[in-house]
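A.B. asks: Starting off with a structure, shown below.
What follows is calculated from the coordinates using simple rules that are stated; it is not laboratory data. Everything quoted here is computed from the prediction, not taken from an experiment. All Cβ positions, glycine included, derive from the backbone under ideal geometry; neighbour counts span all protein chains shown.
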Amino acid sequence: MNTMAPTRPITLHQPTRPSGPAGPAGPSAPQKPLRPTVLQKRRVTLAAEPAAAGSARSQVQATIQAWEIPVDASIAVLLTSELVTNAIRHEQGDTITLVITCAYGQLHVDVHDTSCTLPVPMDGSPDAETGRGLVLVASLSSSWGYYRTPTGKAVYFTLAFQEGLAEEAGSRGE
């Protein structure tokens, strides 16, 4: 498994509809709209304290529901918790910033802190209590990485949309 992170964020790509003949309903029949290609972004400042992980999980869960993002919310919440926990462990200031972005077929979550120490995934021993979070992020996300910012760094992950999830959520009234 390759757990090395790219050092720049992945470009958000716009999905395209397959081209071809119009379906049985004809060319003027309404089509199910694609998820917005317009960038949607939520930025939340959190106190750099242990309660920040719970607040970040709640923010990500609420955003996924409000924007009807077709991703596995439990994975998004878990990975957010890992990144926020790492950020507060290494944060020297009073706050961290959570940025949730939705566009072009993916959910993108960034966690900004003021530490200049870059993340390094480690395969911890089976009985270690810490050290496996980034390996988990690498294995469950579509992509992950980090980049330097003027005030420190940001670590991120992306999850690609899973259209079947949107249909299931809609049929359950979520």
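A.B. asks: Work through the residues other than Leu83 whose Cβ is under 10 Å from its Cβ and net out their charges, Lys, Arg +1 and Asp, Glu -1. The partial results should precede the final answer.
C.D. replies: On the way: positive: none; negative: Glu82, Asp110, Asp113.
Charge balance near Leu83 sits at -3.
A.B. asks: Work out the FRET efficiency for Gln92 and Ala62 from their Cβ-Cβ distance, taking R0 = 22 Å, and round it to the nearest 0.05. The partial results should precede the final answer.
C.D. replies: Details: r = 29 Å, r/R0 = 1.30.
Using R0 = 22 Å, I get an efficiency of 0.15.
A.B. asks: I would also like to ask the following. Give me the net charge for the shell around Glu49: Cβ to Cβ below 12 angstrom, other residues only, Lys and Arg +1, Asp and Glu -1.
C.D. replies: In short, -1.
A.B. asks: Any chance you could check the Cα centroid distance between segment 132-163 and segment 95-122 for me, in angstrom?
C.D. replies: Measuring centre to centre over Cα atoms gives 6 Å.
A.B. asks: Which whole-number percentage describes the relative contact order of segment 57-124, with Cα contacts under 8 Å and a sequence gap of 6 or more? Don't skip to the answer; put the middle values down first.
C.D. replies: On the way: 59 pairs, mean separation 17.9, N = 68.
Relative contact order here is 26 percent.
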